[in-house]
Amino acid sequence: DAGVTQSPTHLIKTRGQQVTLRCSPKSGHDTVSWYQQALGQGPQFIFQYYEEEERQRGNFPDRFSGHQFPNYSSELNVNALLLGDSALYLCASSPVGGNTEAFFGQGTRLTVV
Amino acid sequence: AQSVTQLGSHVSVSEGALVLLRCNYSSSVPPYLFWYVQYPNQGLQLLLKYTSAATLVKGINGFEAEFKKSETSFHLTKPSAHMSDAAEYFCAVSAASGNTPLVFGKGTRLSVIA
């Protein structure tokens, strides 16, 4: 079992650009959540996808959007990048129904310059 | 609304000493509670979780935590620290229903001194 895989591991973007991050969930999981972890902080919930729809959303602007594909993989898109978007972006997957822990990927380190 | 407070952003212990990392939570609904560990440049790994069964929860790598409702606490302990325990530790809470998002504390960095 490959667990949760994220790509790329690192990337550098310029302010104002757009970025897409990708996540493949753990085998058997159909729910994907995205978190942003700023330096020295705990992860903050961005949004969650299930059945290809955004089910829950945290306190993030519309510049942050996502998508889930039929194979349960997911993308996180950020438009009009700001310096403050520099962070580790973590993807977590879990099976539907809850009552179980989320499994996290290694994260994508985004640096905005 | 839910929140987590981790007391102490940095804890330093000697190898072989007791590890105690503090976590207090606030939740308007019955909570699920978690401890995650993060090694440098890595994602989060689950250490243990409380899901309304036994209040004393045993996890991986010798860690355990006790849920105390009256104190709204879920402190993490390990009897004897090992050098490999040096990492960042996060306490998290979620509502005990469905796939609700995790709310994390700011983390506690554990250093282990030889």
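The values are calculated or read from the model by the stated rules, or taken from the named source; none is laboratory data. This one's a predicted model, so the numbers in the text were calculated from it and none came from an experiment. All Cβ positions, glycine included, derive from the backbone under ideal geometry; neighbour counts span all protein chains shown. The protein model used for the area step is the full one, side chains on, heavy atoms only, and it has no ligands, DNA or RNA in it. Shrake-Rupley method; radii C 1.70, N 1.55, O 1.52, S 1.80 Å.
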Open item on the list: With θ taken as phi - 60° and the coefficients 6.51, -1.76 and 1.60, list the Karplus ³J(HN,Hα) couplings across region A:27-34 in order, rounded to whole Hz; mark glycine and proline as x.
Closed with: 4, x, 9, 10, 10, 10, 10, 10
Task: Computed FRET value (nearest 0.05) for B:S84 with A:S27, which takes r as the C-beta separation and R₀ as 45 Å - done: 0.95
Open item on the list: Output wanted: per-residue J couplings in Hz (rounded whole) for region A:73-85, from phi through Karplus 6.51 cos²θ - 1.76 cosθ + 1.60, θ = phi - 60°, x for Gly and Pro.
Closed with: 5, 9, 10, 10, 10, 10, 9, 6, 4, 10, 4, x, 7
TODO: Please find, in a Gaussian network model of chain A (springs between Cα atoms separated by less than 10 Å), the residue of A:D62, A:D85, A:D30 whose mean-square fluctuation is greatest.
DONE: A:D62
- [ ] Tell me which residues come under 5 Å, amide H to amide H, from A:T31 once H is placed; ignore anything under 5 positions away on its chain.
- [x] A:S94, A:V96
Open item on the list: Give me log10 I(q)/I(0) at q = 0.17 Å⁻¹ for the protein assembly as shown, Debye formula, one equal scatterer per alpha-carbon, no solvent.
Closed with: -1.23
Open item on the list: Per q in 0.11, 0.24 Å⁻¹, report the Debye log10 I(q)/I(0) for region A:6-82, using one uniform scatterer on each alpha carbon and no solvent.
Closed with: -0.28, -1.27
TODO: Report the full-extension gain for the segment B:E71 to B:S28: residue separation times 0.36 nm, less the Cα-Cα distance, to one decimal in nm.
DONE: 14.0 nm
- [ ] Using a 1.4 angstrom probe on the protein heavy atoms only, line up A:K26, B:K78, B:K68 by accessible area, largest first.
- [x] B:K68, A:K26, B:K78
TODO: At 7 Å along the Cα-to-beta-carbon direction for both B:T5 and B:N41, put a label point, then send me their distance in nm to one decimal.
DONE: 3.6 nm
TODO: Take every Cα-Cα pair in region B:13-114 and report what % of them are more than 17 Å apart.
DONE: 49 percent
Task: Efficiency of FRET from Cβ geometry, A:Q41 and A:T20, R₀ 30 Å, rounded to 0.05 - done: 0.80
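Compare B:I60, A:I12, B:I113 by solvent-accessible area with a 1.4 Å probe and give them largest first, with all protein chains kept in place.
A:I12, B:I113, B:I60
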Open item on the list: Of A:L82, A:H67, A:Q56, which is farthest towards the positive pole of region A:41-113's charge dipole, taken about the Cα centre with +1 and -1 on the beta-carbons of Lys, Arg and Asp, Glu respectively?
Closed with: A:L82
